[in-house]
1. Restricting to segment 47-59, count the residues that are surrounded by fewer than 20 Cβ atoms within 10 Å (Cβ to Cβ) and within 19 Å of residue 215 (Cβ to Cβ).
2. If we keep just the residues of segment 184-196 that are more than 9 Å from the chain's Cα centre (by Cα) and under 19 Å from residue 97 (Cα atoms), which is surrounded by the most Cβ atoms within 10 Å (Cβ to Cβ)?
3. So residue 66 passes all but one of these: (1) out of contact with any Lys or Arg (no Cβ under 6 Å at 6 or more places or on another chain); (2) in contact (Cβ under 8 Å) with a residue 60 or more places away in the chain. Which condition number does it fail?
4. Name the one entry in 293, 297, 315 that is in contact (Cβ under 8 Å) with a residue 40 or more places away in the chain and either exposed (fewer than 13 other Cβ atoms within 10 Å of the Cβ) or in contact with a Cys (Cβ under 8 Å, 6 or more places away or on another chain) (or both).
5. Confirm whether residue 281 is assigned to a helix (DSSP H, G or I), surrounded by 16 or more Cβ atoms within 10 Å (Cβ to Cβ), free of Cβ contacts under 8 Å to residues at least 40 places away in the same chain and of a type in the set (Ser, Thr, Tyr).
6. Tell me which residues, restricted to segment 38-90, are closer than 25 Å to residue 176 by Cα and among the small types (Gly, Ala, Ser).
7. Looking at segment 73-129, which of the residues that are part of a helix (DSSP H, G or I) and of a type in the set (Lys, Arg) is surrounded by the most Cβ atoms within 10 Å (Cβ to Cβ)?
8. With respect to residue 153, determine if the residue is crowded, with 21+ Cβ neighbours inside 10 Å, modelled with pLDDT of 95 or more, under 17 Å from residue 34 (Cα atoms) and of a type outside the set (Phe, Trp, Tyr).
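The values are calculated or read from the model by the stated rules, or taken from the named source; none is laboratory data. The shown structure was predicted, so the numbers you read here are calculated from the model rather than taken from an experiment. Ideal geometry is used to build each Cβ from the backbone, glycine not excepted, and the neighbour counts take in all protein chains shown.
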Amino acid sequence: MEMVQHYPAVKRPANPICSVCIANYNGVALLADCLDSVIAQQGNFSVEIIVHDDASTDDSLTLLRERYPQIEVLASAKNIGFCISNNRMAAHARGEYILLLNNDAALDPGALATLLQAAREQKPAGILTLPQYDWSSNALVDRGCLLDPFYNPVPNINAERRDVAMVIGACLWIPRNLWDELGGFPAWFESVAEDLYLCCRARLAGYPVQVTVASYYRHQQGLSFGGNRAGEAGLQTTYRRRRLSERNKTFVLGICSPSALVWLLMPMHLLALSVEGITLSLLRWDLRLWREVYANVWISLWRQRRLLHEARARVRASRRVSTNHYLRSFTALPRKLVMLLRYGLPKVR
């Protein structure tokens with residue numbers, strides 16, 4: 001049985017409007033900026049803060065218990081990944097709304113008030129995020145994301161566009177009852193693309209996925225998990241992130257794509273992925289890249305075929321929108337082609 005040590009908050013709010021849930025693993029250097037930004041929020045409403053520590057080996061627990069007694073802490077005895085960490089916090093939360101916040105992100109002082117106001121205006125209440133800015137450069141990263149045909153996120157930078165295909169899990173606001181209805185994150189995803197899955201499920205069920213006009217959050221991209229950085233040195237990633245990303249995006253494509261499209265998209269996607277994997281592995285002379293990232297997609301599809309079939313059946317049963325409506329937040333241009341032309345071949349470490 002998995003053991004979770006519970007450290008209650010000294011003064012846990014009686015009826016919080018929002019539960020801010022922060023998954024942490026070895027984030028002692030990041031937590032203070034994140035937590036202080038939540039504690040400094042403006043607005044006349046009650047907020048509880050929950051941190052799930054995923055068996056950190058640094059001083060995260062010491063920092064949380066000694067410096068932040070007002071924060072609820074769930075400490076896992078073993079590392080179980082981002083999906084289960086957030087599922088545990090959501091099950092523990094008592095707020096009307098949940099905000100999933102990365103430990104490498106920090107909120108603008110008016111962020112929660114902005115999200116709460118936007119949530120009250122949504123009909124029906126769905127998923128929200130804030131505009132995301134890079135921590136070091138203060139450059140706009142995205143206002144939520146669109147998707148290309150193969151479920152690669154495409155940053156939205158249009159200030160006039162509120163409806164998007166997905167929002168990044170670094171700052172994801174959702175009503176607790178909707179989280180329960182959708183079933184949270186699939187534990188078998190481990191980490192990466194769980195936000196993609198949740199947003200696609202929500203939109204198929206008729207719930208909006210939107211970005212606010214006002215406020216923002218700052219994000220130290222890639223620090224909490226590794227990789228996911230594009231800059232002067234090119235696109236930086238890791239074997240683990242790439243493995244989970246390619247596998248889980250393929251899972252979402254198979255689970256959420258309408259029947260009229262899945263039989264067209266999946267063969268095209270797998271063919272393109274295989275060509276990409278063979279080409280990169282040969283150019284890099286890196287058999288590990290093929291084995292861990294690209295061959296793993298085929299192997300995982302076979303091993304998880306029963307779970308994928310069951311998940312697709314649930315999505316089809318809850319679907320309430322047309323294919324055309326679902327595709328409104330997709331864009332035709334493949335994201336990987338754009339990134340290749342801009343940054344060259346990705347650097348995997």
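1. 1
2. Pass one, segment 184-196, residues more than 9 Å from the chain's Cα centre (by Cα): 184-190.
Of the ones still in play, those that are also under 19 Å from residue 97 (Cα atoms) are 184-185.
On the way: 184: 20, 185: 25.
If we take residues in segment 184-196 being more than 9 Å from the chain's Cα centre (by Cα) and under 19 Å from residue 97 (Cα atoms), then 185 is surrounded by the most Cβ atoms within 10 Å (Cβ to Cβ).
3. Among (1) out of contact with any Lys or Arg (no Cβ under 6 Å at 6 or more places or on another chain); (2) in contact (Cβ under 8 Å) with a residue 60 or more places away in the chain, the lone unmet condition for residue 66 is (2).
4. Numbers: 293 fails: either exposed (fewer than 13 other Cβ atoms within 10 Å of the Cβ) or in contact with a Cys (Cβ under 8 Å, 6 or more places away or on another chain) (or both); 297 fails: either exposed (fewer than 13 other Cβ atoms within 10 Å of the Cβ) or in contact with a Cys (Cβ under 8 Å, 6 or more places away or on another chain) (or both).
Going through 293, 297, 315 in turn, the sole match is 315.
5. On the way: assigned to a helix (DSSP H, G or I): yes; surrounded by 16 or more Cβ atoms within 10 Å (Cβ to Cβ): yes; free of Cβ contacts under 8 Å to residues at least 40 places away in the same chain: yes; of a type in the set (Ser, Thr, Tyr): yes.
Answer is yes for this residue.
6. If the condition is that a residue be closer than 25 Å to residue 176 by Cα and among the small types (Gly, Ala, Ser), then 40, 43, 46, 75, 76, 81, 85, 90 are the ones that fit.
7. Of all residues in segment 73-129, those part of a helix (DSSP H, G or I) come to 82-92, 111-121.
Cutting the leftovers down to of a type in the set (Lys, Arg) gives us 88, 120.
Numbers: 88: 21, 120: 9.
Here the residue is 88.
8. On the way: crowded, with 21+ Cβ neighbours inside 10 Å: yes; modelled with pLDDT of 95 or more: yes; under 17 Å from residue 34 (Cα atoms): no; of a type outside the set (Phe, Trp, Tyr): yes.
Here the answer is no, as residue 153 does not meet what is asked.
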